[in-house]
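The values are calculated or read from the model by the stated rules, or taken from the named source; none is laboratory data. Quick caveat: nothing in here was measured; it's all calculated off a predicted structure. All Cβ positions, glycine included, derive from the backbone under ideal geometry; neighbour counts span all protein chains shown. For accessibility, only protein heavy atoms count, side chains too; no ligands or nucleic acids. Shrake-Rupley method; radii C 1.70, N 1.55, O 1.52, S 1.80 Å.
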Amino acid sequence: MSRDFSMVAKHADQWIPCHAGSDGAFWMGVTHVILKEYHADRQVPYFMEYVKRYTDCPFLVELEKEGDHYKPGRMLRANRISKYKDIENGDWQLLNIDAANGRLVCPKGTIGSRWAKEKTGNWNLKYEDFLDNSAYDPELTLLNQSDDVYQVEFVEYGLKKTALRGIPVKMVETIDGNKVPVATIYDLAMGQYGVGRGLKGEYPASYDDDKQAYTPAWQEIFTGVGRETVIKFAHEWAGTAEITKGKCMVIVGAAINHWFHGNLMYRAAIMAQLFTGCNGVNGGGMNHYVGQEKLAPVDSWSTIMAAKDWVPGNRLQQAPIWHYINSDQWRYDSNQMDYNSVPKDNKYSQMHSADWTVMSVRNGWMPFYPQYNKSNLDVVKDAEASGAKTDDEIRKYIVEKLKSKDLRHSVADPDDEINFPRNWFIWRGNALMSSAKGHEYMLDHYLGTHNNKIADEVAGRLVSEIIWREAPKGKMDLVVDINFRMDTSALYSDIVLPTASWYEKADLNSTDLHSFIHPLSAAVAPVWESRSDWQIFQALAKKVSELAPAHLPKPVKDVINAPLSHDSPDEITQPRMQDWAKGECEPVPGKTMHKLVFVERDYTQIYNKFISLGPNIKSATLGAHGVSFMADDVYAEMLEDKRHVQKVNGVEYPSVKEDVEAVNAVLTLSTLTNGKLNDRAYKNMEKKTGLVLADLGEGSKDVRIDYKDLQSQPRRYNTSPLWSGLMNNGRAYCAYTYNVDRLVPWRTLTGRQHTYLDHDGYIAFGEHFTTYKPSPTPQVYGDIRKTVNDGKAVMLNVLTPHGKWHIHSTYGDTLRMLTLSRGIEPCWMSEEDAAAIGVKDNDWVEVYNDHGVYCTRACVSARIPRGVCIVYHSPERTYTVPKSQVRGNRRAGGHNSFTRVHLKPNLMTGGYAQFSFHFNYWGPVGANRDTHALVRRMDKVEF
Amino acid sequence: MDVRSQVSMVFHLDKCIGCHTCSIACKNIWTDRKGAEYMWWNNVETKPGTGYPTKWEDQEIYKGGWEKNGDSVSLKGAGKFKGLKNIFHNPHLPVLDDYYEPWTYKYQDLFTAPEGDDQPTARPVSLVTGEHMDVQAGPNWDDDLGGSPDYARQDYNLNQLSQAEQEAMFQLERMTFFYLPRICNHCLNPACVASCPSGAIYKRGEDGVVLINQERCRAWRMCVTACPYKKSYYNWHTGKSEKCVLCYPRLESGQAPACFHSCVGRIRYLGVLLYDADKIQKIASVPEDQLVDAQMDIYLDPFDPEVIRKAQLNGIADSTIEAAQKSPVYKFVKVWKLALPLHPEFRTLPNLFYVPALLPTMATVSNGIYDSTSKSLWNDVSQNRLPMKYLASLFTAGNTSKIVEVMKRLMAVRLHRRGVTVGDLNRNEISSAMSEAQVDAETADAIFRLTSLATFDERFVIPPAHREESIEMLENTGDVKGNTGFGFKERPARGL
Ligand code: SF4
Ligand code: SF4
């Protein structure tokens, strides 16, 4: 499935060229057929059992009355009914109906059971009641045992229609004596997808009904793909899944993730998988090949990376938010509701994304640094000066100051000089080009240099939380690039620190998906002055320590604004979405607002801490993803090897000074490469879940892998509770097999896979159900407001997928690959669109909009459909960029010259189960696929 | 029967992802030199397209290969005789623009550009002239259907199709492409060898690798014209012609050629074919529609005792015969009849065979709505996006029934495997497809295995080199010991 006939389409049996950005609509149609034929007309036993056990389908949702009909609301909380009113974490315990007797039950495995302190060991997916352990059988549908059938409103954003559809309900008596109507999520899903099952209401009449969502005929309108294709696809999909028990897989690249509504497209595909039992089954599942560059031994690696062995707190930033605010792209953004399809009946959906960001940060949903319009160290000092002694007193002081606005979050006033980020270390990414959505805005507001944007600032009258001032230019004082090639970021940097490449250093390479851990070894010495990254940072640490006695000689207390984090009790802090700044609740750090974490910094000791493995490993657990274990004994073992010990201020620590020592520390302390720790981690998981799990680590108990082992051959790592794929006995890694085979819950609200997201923010934005939202149009999106087409250009949706031999621009910009790529990153366009503007193959063209311009050559091809063009990700300014004619003969930019960050607010929520911040996992994407630009022929090419 | 041994190749086009890793591996080892920059001994083309050098298939332009001449064949354009007459004028020789002008970038400008209003950028400069240049062509200019109006639509093989059929190939419902990696075919009847006035090109006895002796090459460039595949190249710096050497130094040490070794799609197979050299002339001159079958006839059954006896008589080592018996190429080409020679009508009897690609099935478009449906799980081969006539032009000298046979066999294997792994297809349908394609379950499983799961050792069965043979040619083995390493290219002369 791909808009163009791509290099992948060539290998397919069938090619489905759905319209760009309409993939979600296709999947909605597919799932409609699946639910109709394999769930309603005929119940495939495997599918039924799967959705019962592994999804939220049997959970109950309260229906809220609105006029003469009802709307789906939040899930019914256990503490709302008398039987469970005193249950532990009652706001986070949810309910099912027992099919055997129609009674309410409170399943184990919810987030409430995960963080239970009293009744521990019940976080599992057994069909057992959390309170009394009694067995039950979850009821999926109330179709044959409803108290009533209510007309419930379902909103469809493609045709912008609402439909009232009959949903079977049960009346539940709550502790306040009311009777509330509830429905199962399964029945609501049937309603959402428009599968009537004989119920009254505006259900589609047939697959051919194109007025009602989400039929195969309805999806035709958006995808351009025929209903017959969708029906046949659904039959092949579900038929195969039925026979093979779930062996249907979706493999997707980064593309989908980059649409403004990418989250909905993903969900739409995942729904087809959930209703056919494909997730957590080898041969099935959702394989998204993006962001998989995670280090597999994340337990030990993250400890060392973030210096948690010395300092138990860190600042890790979500990048799209940071650039959206700091590079002032928000100033050019209109209100997201102009281009986002949202319900208009609530205040949250009407806010500008910048205001949303401010709200998100202060409530602890997303991180943002710098923190305050005052030095963190000074804030603590001031607190102490005013008499605060304990941490809690300092917290109180800070909260008061924030409340009175004497102290402000930097995010709320990014254009005040005091809040500028000043020093920018770009480490290995190409942050000024390949990943720089809104490249031209960064040139202006970060660097204060020549740029080609012409967009107007429009946010002034639309924002209220973020402060509007005159736009500053060049916020950054110093840009340092650590890289092994001259890329665009290097071109703009003040200092380039050359780093060793893969074949010049000792390092590790792994991802969670491929189950092998690979070494990088120096085949040659680092060329010229380059050093490994580890040595570069070490040198920086050393310099800072040398300078510290003059500037910060004494240990100081620092306060970290830490967001409420996933996989910790933080994720059950905010049952309702409330904003303390609006007076909706009191600000309580770590509860209704971000945490205030105190750490001690001793800048004179930074280098010493860098080269040695700190004592926290002795006293605190290691782990990740909610898995933890002690490694004190392994730490002691490491100290015994006197060849690799650092003596610092008279105390011995394991050394991580040399690259290989750091590599070995990662390997020694990870469950993936140290079987003893793995066994320990599984045993801890047994305590949490009440399940037998340690057998999974039994076979690898005596595994110890070190760097030398890897150098002789990359090794497959242990099956570990850190990751959800079981790999015992040579089994291929497949995510969630741990959950499916062993009944360990997913790390979500219900502990199951969600088809329904009842977070207030999701309901506010109309994304509680999987739905289809059309792509924003160029005018409201702000791509083409000022840019005028004089008739010589054609407007196209510019797609920037990964090129076939690029990792962003790495590799793609080598002479060899440029030789195989026409010497440039061309703009691929259709024969028809090219003809319309008189462009022949290899002619020079400008691709431009309000944000900027990219000048390149056209690659005219029949495999590109009309209406879109492709600039593969990513060009560099370092080669063959001529001067732009539409921008008065000034140098053009790259593919991110015509993009700008857009943030989707509901992806910034927090403090709520799976919607809790986790670095590199949760937060909005920059969204660049919905971009439109004009393309015209250049009649003069100048360099 | 004159039994000889040939190291031969199969490329499975369904598996080629067009990554050009093969080309890079080759380039880095062999042609990263002055005068060789434009050469890609291994190149990957997109079909439909005009390839590299552009339009190489069109022998009306380049006059390569052989033409049938009664019971024999003669070189089309550059016979020794014709060539000598044209000594100073070789009008059919491709020029640099037919390949492309290699370039680099003036990277130094990024560092030395004077302060200005905007950023500096490095412009392309020619690797031939050193001057700024406008890049107009490359070694894979039409990669992935790039520039389809000028290239794909001008594909030589489209001549077999009507205008309407050609147009259809570029519409959504039918459009497709596939990759065609090419190296020297190390032909049994190499036109390059025949054309060389200096006798510089030879076919090695032990494995059939075709090589150009750099000492003897006198820059006639007849081989460049004569090779219909344009796999002999002229080095403008050294003044010698060069071509793919099938990485013979690697072969001799038991390693697969670099392009095979590095192939990401694992599309490549290498192994020995035994053939009967007595038949070359006869087979090279059969009528076009018989060429494929005739070529198959030349390859011998390595299990046949008579073949083995004759092979031994010819001095073919037992280890080579054993390699021939295990050869994956033998299986694909002779036993399973799945792999076909490229443009057999050039009559050089190429030893590189291609398994054609099964492409997405056709779709329909009406009122802007695209439908891709079929009655069965996979459509019949007649629903293939590429017309069989097109494939026939490439692989069977126009014989469409031969192509259809191969496609049906490939499809039968898939149907059988679906039966094994999922089992949702109609049994009768599967068995009738299999009997029509003449594959039984065991064969289908073997094809599946060698196609999808084969390990390195199964894909490359390299006959061991017999170093004793080269030692036998020496009078005194001590004479050559230690020569290399002391910087002598030739033995030092000792007196007269
Ligand atoms: S492909 Fe060309 S160069 Fe190679 S052997 Fe055949 S005729 Fe000679
Ligand atoms: S390396 Fe293999 S898969 Fe890649 S282009 Fe070459 S032949 Fe095709």
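Indicate the gyration tensor shape class of segment A:467-559 (rounded, prolate or oblate), computed on the Cα atoms with a ≥ b ≥ c the square roots of the eigenvalues: a/c under 1.5 is rounded; otherwise a/b larger than b/c is prolate and the rest oblate.
Prolate, since a/c reaches 1.5 and a/b exceeds b/c.
For segment A:660-701, what's the radius of gyration and Dmax over Cα atoms, in angstrom?
11.7, 39
In sequence order, what are the phi-derived ³J(HN,Hα) couplings for segment B:241-255 according to the Karplus relation 6.51 cos²θ - 1.76 cosθ + 1.60 with θ = phi - 60°, rounded to whole Hz, with x for glycine and proline?
Per residue, the Karplus-derived 3J(HN,Hα) values read 8, 9, 7, 3, 9, 6, 6, 4, x, 6, 4, 5, 9, x, 9 Hz.
Excluding ligands and nucleic acids, what accessible area in Å² is computed for A:Arg785 using a 1.4 Å probe, to the nearest 10?
Surface accessible to solvent at A:Arg785 totals approximately 90 Å².
Please report, in cubic angstrom per residue, the volume enclosed by the convex hull of the alpha-carbon atoms of segment A:108-198.
159 Å³
With solvent modelled as a 1.4 Å probe, how much accessible area in total do chains B and A shield from it at their shared surface, in Å² to the nearest 100?
Chains B and A together bury roughly 5300 Å² of accessible area.
Carbon and sulfur atoms: what percent of the 1.4 Å accessible area of segment A:459-516 do they account for?
In segment A:459-516, the share of accessible area belonging to carbon and sulfur is 50 percent.
Please give me the summed charge of the neighbours of A:Ala388: other residues whose Cβ is under 12 Å from its Cβ, Lys and Arg +1, Asp and Glu -1.
Summing Lys/Arg as +1 and Asp/Glu as -1 gives 0.
So what is the accessible area of chain B per residue, in Å², with the probe set to 1.4 Å?
42 Å²
A:Leu799's amide H: which non-local residues (gap 5+, or another chain) put their own amide H closer than 5 Å, with H modeled 1.01 Å from N in plane and none for Pro or chain starts?
Excluding prolines and chain starts, which carry no amide H, the hits are A:Cys869, A:Ile870, A:Val871.
From the phi of every residue in segment A:702-715, what ³J(HN,Hα) in whole Hz does the Karplus formula 6.51 cos²θ - 1.76 cosθ + 1.60 yield, where θ is phi - 60° and glycine or proline is x?
9, 6, 9, 10, 10, 4, 4, 4, 5, 5, 6, 5, x, 10
Run the numbers on segment B:12-32: which residues show a drop of 50 Å² or more in accessible area, chain on its own versus all protein chains together, using a 1.4 Å probe over heavy atoms?
Correct list: B:Ile24.
Kindly identify segment A:757-913 as rounded, prolate or oblate by the Cα gyration tensor criterion: order the square roots of the eigenvalues as a ≥ b ≥ c, call it rounded if a/c is under 1.5, otherwise compare a/b with b/c, prolate if a/b is larger, else oblate.
Verdict is prolate for segment A:757-913.
Relative contact order of segment A:9-287: what whole-number percent is it, with Cα pairs under 8 angstrom and at least 6 residues apart?
23 percent
Just to be sure I understand the model, the point goes 7 Å from the Cα along the line to the Cβ. What's the resulting B:Met473 to A:Asp706 distance in nm?
So the label points at B:Met473 and A:Asp706 sit 5.1 nm apart.
Please label the shape of segment B:182-309 as rounded, prolate or oblate, based on the square roots a ≥ b ≥ c of the eigenvalues of the alpha-carbon gyration tensor (a/c under 1.5 means rounded; beyond that, a/b larger than b/c means prolate, else oblate).
Oblate shape, in that a/c is at least 1.5 and b/c is the bigger or equal ratio.
Specify the inter-centroid distance of segment A:681-726 and segment A:509-588, based on alpha-carbon positions, in whole Å.
26 Å
Take the Cβ-Cβ distance between A:His235 and A:Asn729 as r, set R0 to 30 Å, and report the resulting FRET efficiency rounded to the nearest 0.05.
FRET efficiency, A:His235 to A:Asn729: 0.30.
Taking segment B:380-465 as the region of interest, what is the percent of Cα-Cα pairs per 5 angstrom bin, listed from the shortest bin to the one with the maximum distance?
3, 14, 19, 17, 17, 15, 10, 3, 1, 0
Specify, per residue and in Å³, the volume enclosed by the convex hull of the alpha carbon atoms belonging to segment A:545-693.
Residue-normalised Cα hull volume stands at 156 Å³.
What are the residues whose amide H is under 5 Å from the amide H of A:Val881, where those residues sit 5 or more places off or on another chain and H is modelled from the backbone?
Close amide H contacts, sequence-distant or interchain: B:Ala122.
So, taking all protein chains as they sit and a 1.4 Å probe, how much accessible area belongs to A:Asp841, in Å² rounded to tens?
Roughly 20 Å² of A:Asp841 is accessible to a 1.4 Å probe.
Please give the length that would be gained between B:Asn314 and B:Ser366 if that part of the chain were fully extended, namely 0.36 nm times their separation in residues minus their C-alpha to C-alpha distance (nm, one decimal).
The span from B:Asn314 to B:Ser366 would gain 12.3 nm if fully extended.
Can you list the residues in segment A:1-31 whose accessible area drops by at least 50 Å² when all protein chains are present, compared with the chain alone? Use a 1.4 Å probe, heavy atoms only.
SASA drop of 50 Å² or more in segment A:1-31: A:Phe5, A:Lys10, A:His11, A:Asp13, A:Gln14, A:Trp15.
Rounded to a whole number, what % of the accessible area of segment A:313-397 do carbon and sulfur atoms account for, probe 1.4 Å?
The C+S portion of the solvent-accessible surface of segment A:313-397 is 53 percent.
So for the pair B:Glu458, A:Arg422, with labels modelled 7 Å out along Cα→Cβ, what separation do we get in nm?
6.4 nm
Give the whole-number value, in cubic angstrom per residue, of the convex hull volume spanned by the C-alpha atoms of segment A:9-287.
Once divided by residue count, the hull of segment A:9-287 is 143 Å³.
In angstroms, what radius of gyration and Dmax does segment B:1-137 have, counting Cα atoms only?
Spelled out, the Cα radius of gyration and Dmax of segment B:1-137 are 21.0, 77 Å.
Could you work out Rg/(2.2 N^0.38 Å) for segment A:348-397, with Rg from alpha carbons only?
In units of the globular-protein estimate, segment A:348-397 measures up at 1.48.
Going 7 Å from the Cα of B:Lys68 toward and past its Cβ, which residues in segment B:329-363 have a backbone nitrogen under 18 Å from where you end up?
B:341-350
What fraction of the DSSP beta bridges in the protein assembly as shown is antiparallel, stated in percent and rounded to the nearest 5?
Here the antiparallel bridges make up roughly 75 percent for the protein assembly as shown.
Per-residue accessible area for B:Asp32 at 1.4 Å probe radius, Å² rounded to 10?
100 Å²
Enumerate the amide H contacts of B:Trp103 below 5 Å, restricted to partners 5 or more residues apart or on another chain; note that Pro and chain-start residues carry no placed amide H.
For B:Trp103, the qualifying residues are B:Leu127.
Using the basic label-point model (7 angstrom from Cα toward the beta carbon), what is the A:Glu658 to A:Ala523 distance in nanometres?
2.3 nm
With a 1.4 Å probe and all protein chains in place, put A:Tyr607, A:Tyr772 in order of accessible area, largest first.
A:Tyr607, A:Tyr772
Could you tell me what fraction of 2.2 N^0.38 Å the Cα radius of gyration of the protein assembly as shown comes to, as a two-decimal ratio?
0.99
Taking the solvent-accessible surface of protein heavy atoms with a 1.4 Å probe, what is the per residue accessible area of chain A in Å²?
35 Å²
Under 14 Å from the Cβ of A:Pro563, count the other residues' Cβ atoms, weight Lys and Arg +1, Asp and Glu -1, and hand me the total.
Overall, the nearby charge balance is +1.
Rounded to the nearest percent, how much of the accessible area of chain B (1.4 Å probe, protein heavy atoms only) is carbon and sulfur?
Roughly 50 percent of what the probe reaches on chain B is carbon or sulfur.
Relative to the isolated chain, which residues of segment B:344-384 have their accessible area cut by 40 Å² or more in the presence of all protein chains (1.4 Å probe, heavy atoms, no ligands or nucleic acids)?
B:Pro360, B:Ile369, B:Tyr370, B:Asp371, B:Ser372, B:Thr373, B:Leu377
For all pairs of alpha-carbon atoms in chain B, what percent lies in each bin of width 10 Å, listed from the first bin to the last filled one?
Spelled out bin by bin, chain B gives 4, 17, 28, 26, 15, 7, 2, 0, 0 percent.
Among the lysines, select those whose C-alpha is under 21 Å from the C-alpha of A:Lys126, and discard any that sit fewer than 8 residues away in the same chain.
Excluding near neighbours in sequence, the set is A:Lys52, A:Lys83, A:Lys108, A:Lys117, A:Lys245, A:Lys683, A:Lys687, A:Lys688.
At 0.36 nm per residue, minus the direct Cα-Cα distance, what do A:Phe516 and A:Lys396 gain on full extension? Give it in nm, one decimal, please.
Taking 0.36 nm per residue and subtracting the Cα distance, the gain is 38.4 nm.
Using square roots of five times the C-alpha gyration tensor eigenvalues, list the equivalent-ellipsoid semi-axes of segment A:207-274 in whole Å, biggest first.
After diagonalising the Cα gyration tensor, the semi-axes are 20, 19, 10 Å.
Suppose accessible area is computed on protein heavy atoms with a 1.4 Å probe; arrange A:Asp579, A:Asp132 from highest to lowest.
Highest to lowest solvent-accessible surface, that is A:Asp132, A:Asp579.
Residue separation times 0.36 nm, minus the C-alpha to C-alpha distance between A:Lys405 and A:Thr174: what's the value?
That pair, A:Lys405 and A:Thr174, stretches by 79.1 nm at full extension.
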